[in-house]
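Engineer: Pasting a structure below so you can have a look.
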Amino acid sequence: MTKNEIIANHLRKFAALTDKDITEGQDLWKPRKINKGDFFNMQSMVCNDLGLVVKGIFRIYYRDPKTETDKNIFFFSENQFVVSFRSFISQNPCWYFIEAMEDAEIVFISHKDLNSLYETNSNWLKFGRLLAELFFGYAQTRAEEFMFFSHEERYLRLLEEHPNIIERIPAYHISSFLGITNPSLSRIRKRLKNSS
């Protein structure tokens with residue numbers, strides 16, 4: 001599938017954009033390869049681009065400057081938008097790193113180009129509203145999972161969203177995301193395996 005077909009398919013599904021709308025924005029989306037361990041965006045830098053993951057998986061994480069420990073906040077994989085949304089919309093420095101966990105390919109659009117589409121096309125403006133709702137939903141769900149769900153339930157929800165994540169990234173990244181230790185994650189996986 002070409003870059004243009006990937007973008008068109010996703011935009012039709014996500015925001016019901018017409019062929020005319022998609023054509024207007026098509027040339028503003030650029031392909032980019034990001035090697036494993038490289039960054040889509042860095043902590044303390046403004047996130048200027050909105051990416052769509054074509055291939056690969058990314059983690060958004062915060063590095064505590066005092067302890068030098070990383071806390072994984074989100075994972076994004078194929079057919080998901082990747083961005084530090086607060087930084088992108090406010091154009092203020094990002095609080096997080098966004099790192100490729102495997103060799104990845106994305107298509108991306110700049111903040112400036114996306115805003116020019118918003119100003120000239122009401123369907124692209126609708127895309128912007130849906131994007132904001134999507135990322136608000138991610139943030140609220142993440143907060144609610146920590147309040148209302150057990151570690152095991154959070155783990156199962158992660159597997160629903162990223163079914164093969166266990167095979168793709170080291171377990172300690174999943175532990176960090178769940179807010180548990182590696183031995184706790186091992187116990188959860190063992191318990192689930194025994195009960196299936």
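Engineer: Once the Cβ-Cβ distance between residue 139 and residue 193 is put in as r, and R0 is 25 Å, what FRET efficiency do you end up with, to the nearest 0.05?
Structural biologist: It comes to 0.20.
Engineer: Tell me, how many Å apart are the Cα centres for the range 139-192 and for the range 56-131?
Structural biologist: So the two Cα centres are separated by 22 Å.
Engineer: Additional query: Output ³J(HN,Hα) for the range 121-128: one whole-Hz value per residue in order, computed from phi by the Karplus curve 6.51 cos²θ - 1.76 cosθ + 1.60 with θ = phi - 60°, and x for Gly and Pro.
Structural biologist: 9, 5, 6, 5, 4, 5, 4, x
Engineer: Can I ask one more? So how do 53, 107 line up by other beta-carbon neighbours within 10 Å, fewest first?
Structural biologist: Placing the least packed residue first, the sequence is 107, 53.
Engineer: When we measure straight from the Cα of residue 36, which aspartates and glutamates land under 18 angstrom away, once same-chain ones fewer than 8 places off are left out?
Structural biologist: 70, 78, 99, 102, 103, 105, 167
Engineer: In nm, to one decimal, how far is the modelled label at residue 19 from the one at residue 78, with both set 7 Å along Cα→Cβ?
Structural biologist: My value for the distance between the label points is 2.7 nm.
Engineer: OK, next. Could you give me the ³J(HN,Hα) list for the range 105-111, computed from phi with Karplus coefficients 6.51, -1.76, 1.60 and θ = phi - 60°, whole Hz, x at Gly and Pro?
Structural biologist: 10, 9, 10, 9, 10, 7, 4
Engineer: If you don't mind, another one. Using the Cα atoms of the chain to build a convex hull, what is its mean projected area in square nanometres?
Structural biologist: 12.1 nm²
Engineer: If I take R0 = 35 Å and measure r between the Cβ atoms of residue 125 and residue 38 in this structure, what FRET efficiency does the formula 1/(1 + (r/R0)^6) give, to the nearest 0.05?
Structural biologist: Working: r = 33 Å, r/R0 = 0.93.
E(calc), rounded to 0.05, equals 0.60.
Engineer: Please arrange 57, 165 by how many other C-beta atoms lie within 10 Å of their C-beta, fewest to most.
Structural biologist: 165, 57
Engineer: Ignoring the sites themselves, what is the longest stretch of the chain with no trypsin sites (Lys or Arg not before Pro) in a DSSP loop and at most 12 other beta-carbon atoms within 10 Å?
Structural biologist: Formally, the longest exposed-site-free interval is 67-196.
Engineer: Among 79, 15, 58, whose Cα projects farthest towards the positive end of the dipole of the chain, with charges put on the beta-carbon of Lys, Arg (+1) and Asp, Glu (-1)?
Structural biologist: Result: 58, furthest along the dipole toward the positive end.
Engineer: What does the helix-only formula give at 222 nm for the chain: each DSSP H stretch with n ≥ 4 adding -39500 (n - 2.57), the total divided by the residues, and the result rounded to the nearest 500 deg cm²/dmol?
Structural biologist: For the chain, the value works out to -15500 deg cm²/dmol.
Engineer: Another question about this same structure. Residue 33: which lysines have alpha carbons under 28 Å from its alpha carbon, excluding same-chain residues fewer than 8 sequence positions away?
Structural biologist: 3, 13, 20, 55, 71, 112
Engineer: Once you list every other residue whose beta carbon is under 15 Å from the beta carbon of residue 147, what net charge do they have if Lys and Arg are +1 and Asp and Glu are -1?
Structural biologist: Details: positive: 142, 154, 157; negative: 144, 145, 153.
Local net charge: 0.
Engineer: Continuing with the same structure: Cβ under 14 Å from residue 194's Cβ, residue 194 left aside: what net charge do those residues give with Lys, Arg +1 and Asp, Glu -1? Present the calculation step by step, with values, prior to reporting the outcome.
Structural biologist: Values: positive: 187, 189, 190, 191, 193; negative: 152.
Once all neighbours under 14 Å are counted, the net charge is +4.
Every number here is computed from the coordinates shown, using simple stated rules; none is lab data. Values in this document were obtained by computation on a predicted structure and should not be read as measured data. Here Cβ is always computed from backbone atoms with ideal geometry, including for glycine, and neighbour counts include all displayed protein chains.
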